[in-house]
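Undergrad: Could you have a look at this structure, given as C-alpha cells, before my questions?
Every read-out reported here was derived from the displayed coordinates using simple, explicitly stated rules and does not represent laboratory data. The structure displayed is predicted, hence computed values, not measured ones. Note that each Cβ is placed from the backbone with ideal geometry, even for glycine, and that neighbours are counted across all protein chains shown.
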Amino acid sequence: MNMEELMEMLKENGLEVRVQSKMVGVRKKIERKSLWVNVERDGLKKAVELLVENAEEFPHFCVASTSDIGDKVEVNYHFTINFGHQLEEIQITFRVTVPKSDLWVPTLTDIVPATVFSERELREMMGIEIEGLKDKRHLFLTKDFPDGVYPWRRDETGPKELNKLYEGWKE
Amino acid sequence: MKYEIPIGPIHPALKEPIMLRFSLEGEEIVDVDVVASQNHRGIEWIGMNRNNPVQSIYLAERICGICNFCHPACLVLAVEEIADIEVPERAEYIRVIQGELERIHSHLLWAGVAAHELGFDTLLHYTWMIREKVMDILEVVNGNRVTKAIMMYGGVRRDIKEEDIPKIREMIDYYKKLFNKVAKLFLEDKTIKMRTREIGILQREDALKLAATGPTTRASGVKKDVRQDTPYFSYSDFDVKAITPDMITGETIGDTYDRIVVRLLEVKQSVEIIEKALDELPPGDIISEEKVAKILSKIKKAEGEAIGRHEAPRGEDIHYVKLKEGYENFYTWKVRAPTYSNIMSWMPMLMHHQIADIPIVAASIDPCLSCTNRVVVVKNGKEKILTGEDLHRLSVQKTRRLKK
C-alpha cells in the first residue's frame, strides 16, 4: 500500500488527511512527508485496525504524545508503516481530541500490544483514563506520586508544589 | 514451586536503575515483569515549562550520556521542520559524521559490556581499548569526549577543520584493519557462541508487535532503519541499507548472537559512511543563523507540530514537538528513546531461560535507562524512598566525616 492508496482508503472511511512535508538531502533531494489524521474517539480503534489489516507488515507503533489545549486534551498516536524500502515508509499520526469533562480513550493494547507503555504514561502524566487497559500501574512516576496531580497538564492539576526541581529554584 | 526473584533497581548486572521481577520454577524463568518507575527526571516537563528552546537542546543532550548526539538531533529536526529553518549543506554532512562517530563508540562500548556479562573480561578490555580511538577523534572534533554540544537549530556549532581530517582518516584505517580480528574474536569464539546462540530469541512477529527498534529488531530480520526508510540530514546521499544478520551468517535466528552480528556490521557500515562523507564534504557555512536571539525569536513566532526521527545506536529515537505562537517553551515535547520500546522485548526473550542468562539477554538490547533522582531502600520489609536531596545530604555528611 503506497501513500496514495492509504490516503484514498482513509478518505473512503470518512477521515480527513493532512500532509506535512519538508525537502531534505544535499545532493539527492527528497521530500520527507508525514500524514496527520483526525479521528473521533469512537473511530480510533477502527482506524488503527484498518492500518493493521492493510499495511504490508505489522505497523510500527512509535509513541503516543499528548497536549493540554485548554478545556480539551489532544492525544496523538504515531505509527510508521512500509519500512524496509527507501522512501516508501509512511509516517502517520492519528489524533483524538477529548474534552476534559469526559477524559477517556479506548485502549489499543488488544490490537497493538506495544501501546501498553504509552497508555500507562498517558494515564499518569495527563490523567487520561484508558478504557480496557489491564495494567494500570504507574510507568515512570513512583507509586506514591500524589493522585490528582498530572505533570503534563497546563491547568490547576499541574504539579505546582513539585516545582522545586533543584536547589535555588525561584518561582 | 514457584518463587519470585527481584533484580534491581540497582544491580551490578544491569548498572542502570530498573527493576525486573522474575517468577521462577527451579532455574526456569516463567514470567517477567519490568518495573521502570525507579527514576524520573521530568526532562519533558522542564522543556515544556522552564527552558527556552535553545536551552532544551543542551537538556536533550543530557537525556543520555551515550546518545548525547541523538536526542538533540531529533529535537532539532522537529523544530527545524516547524519553524522552516534552513540548514547549510556542510552542516548536514557534519551531522552525519557526528551521528556515525557516536554509533561506533556506542556499539564498541556495548560489545565490551556484552563480553563482560559473559565473564570474558579480556575481551572487554580489548574492545574498550580500541574504542579509545574513536573517543580521541570525538575529542579532536568537538573538544570533548562526551556531551559534545554540537547541535544548533540551523546547523552545527563547530566545523571539522582541514588539519583534523587526516586524523579521522587514520581512525578509519585503524578500524578497517581491525574489523576482521574483532569479528573473529566475537563470532568464532566457542564460549561466546555457546552463551549466545539460541539464547534470548526474539521472533520476527514479536519484534514487530512489540515495536522493537534498531539492532534489536534488525537482528530479528526486520529491515527497519530510519537512515534507509526516511532519510534526514544528508543520509539520502549514502544509500544506507538496513543490516540483518543473514548478510554474513546466511540465516536470521533473532538470538543474542545475531544482535552481536548486527552491531559489528554496523560499526563497519559507520566507518564507510564517515569515509564517504569526508570525501564529499561540501565547503561553505556550518550554520544558517549565528545569532541565538534571532533563532529564538523565529521559533517563538512559529506554530505547528512535527516529529524528529534519528537512527540512534540503540534504535529509532523520536521526538514530538508542538510549538504555539508567542509561547516561549515547547508547548508539548515528547521523547521516545529507543529503550522505551525495546524493554518490552525482554519478556519474550527471557522466557524459559535460566537465571544465569539474565545479564547477557538483558544487555543484548543495549538498554539505556537514564539516570536517577531517587532510590528505594528496603529494610525489615519496609520501603523508604530517598530523594536526590537526601542522597546529596548523605554524601555531604560522608565527606565531612572522612575529613575529620
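Undergrad: To the nearest whole number, what is the average tally of beta carbon atoms from other chains within 10 Å of the beta carbons of peptide A:23-31?
TA: 6
Undergrad: Please compute the average number of Cβ atoms from other chains found within 10 Å of each residue's Cβ in peptide B:226-239.
TA: If you average over the peptide's residues, the count of other-chain Cβ atoms is 6.
Undergrad: OK, next. Mind giving me the FRET efficiency for B:Lys276 and A:His85? R0 is 22 Å, r the Cβ-Cβ distance, nearest 0.05 is fine.
TA: 0.55
Undergrad: Please sort B:269-276, B:65-72 by packing, taking for each peptide the average over its residues of neighbouring beta carbons within 10 angstrom, highest first.
TA: Those peptides, ordered most packed to least, come out B:65-72, B:269-276.
Undergrad: Within a 10 angstrom radius of each residue's Cβ in B:206-212, how many Cβ atoms of other chains show up on average? Whole number is fine.
TA: 6
Undergrad: Label B:Asp31 and B:Ile355 with points 7 Å out from Cα along Cα→Cβ: what is the distance between them in nm?
TA: 1.8 nm
Undergrad: Would you mind computing Rg(Cα) / (2.2 N^0.38 Å) for the range B:210-302, counting N as its residues?
TA: 1.48
Undergrad: For q = 0.11, 0.14 Å⁻¹, what log10 I(q)/I(0) does chain B give under the Debye formula with an equal point scatterer on each alpha carbon and no solvent?
TA: Ignoring solvent entirely, the Cα scatterers give -0.86, -1.31.
Undergrad: Return the FRET efficiency for the residue pair A:Trp104, A:Glu49: r is the Cβ-Cβ distance, R0 is 30 Å, and the value is rounded to the nearest 0.05.
TA: The pair A:Trp104/A:Glu49 has a calculated efficiency of 0.95.
Undergrad: Need one word for the range B:149-251: rounded, prolate or oblate. Basis is the Cα gyration tensor (sqrt eigenvalues a ≥ b ≥ c); a/c below 1.5 gives rounded, then a/b vs b/c decides.
TA: oblate
Undergrad: Go ahead and set up a Gaussian network model of chain A, Cα springs under 10 Å, then flag whichever of A:Ser34, A:Ser101, A:Ser118 fluctuates most.
TA: Checking each option, the largest mean-square fluctuation is seen for A:Ser101.
Undergrad: A follow-up question, please. Beyond a 22 Å Cα-Cα separation, which of these cross-linked pairs lie in this structure: B:Lys167/B:Lys276; A:Lys22/B:Lys209; B:Lys298/B:Lys322; B:Lys133/B:Lys176; B:Lys161/B:Lys224?
TA: Beyond 22 Å: A:Lys22/B:Lys209; B:Lys161/B:Lys224.
Undergrad: Below 8 Å between Cα atoms, with a sequence gap of 6+, how large is the relative contact order for chain B in percent?
TA: With pairs under 8 Å counted, the relative contact order is 25 percent.
Undergrad: To the nearest 0.05, how large is the calculated FRET efficiency for B:Lys176 and A:Thr157 if R₀ is 60 Å and r is the Cβ-Cβ distance?
TA: Calculated transfer efficiency: 0.60.
Undergrad: Among B:Arg259, B:Arg157, B:Arg309, which one shows the biggest mean-square fluctuation in a GNM of chain B, springs joining Cα atoms closer than 10 Å?
TA: B:Arg157
Undergrad: With N set to the residue count of the range B:232-370, report its C-alpha Rg divided by 2.2 N^0.38 Å to two decimal places.
TA: Normalised Rg, Cα atoms only: 1.41.
Undergrad: Name the shape class, rounded, prolate or oblate, that the alpha-carbon gyration tensor gives for the protein assembly as shown, where a ≥ b ≥ c are the square roots of its eigenvalues, rounded holds for a/c under 1.5, and otherwise prolate holds if a/b is larger than b/c and oblate otherwise.
TA: It is rounded, given that a/c, with a ≥ b ≥ c, falls under 1.5.
Undergrad: For chain A, what are Rg and Dmax over the alpha carbons, in angstrom?
TA: Taking only Cα atoms of chain A, I get Rg and Dmax of 18.4, 57 Å.
Undergrad: Of B:Glu92, B:Glu102, B:Glu205, which is the most mobile in a GNM of chain B whose springs link Cα atoms less than 10 angstrom apart?
TA: B:Glu205
Undergrad: Show the residues, 5+ positions off or on another chain, whose built amide H is closer than 5 Å to the amide H of A:Val63.
TA: So A:Val63 has HN proximity to A:His78.
Undergrad: Tell me, what does the Kirkwood hydrodynamic radius of the range B:110-194 come to in angstroms if you use every pair of distinct C-alpha atoms?
TA: Across the range B:110-194, the inverse of the average 1/r is 14.9 Å.
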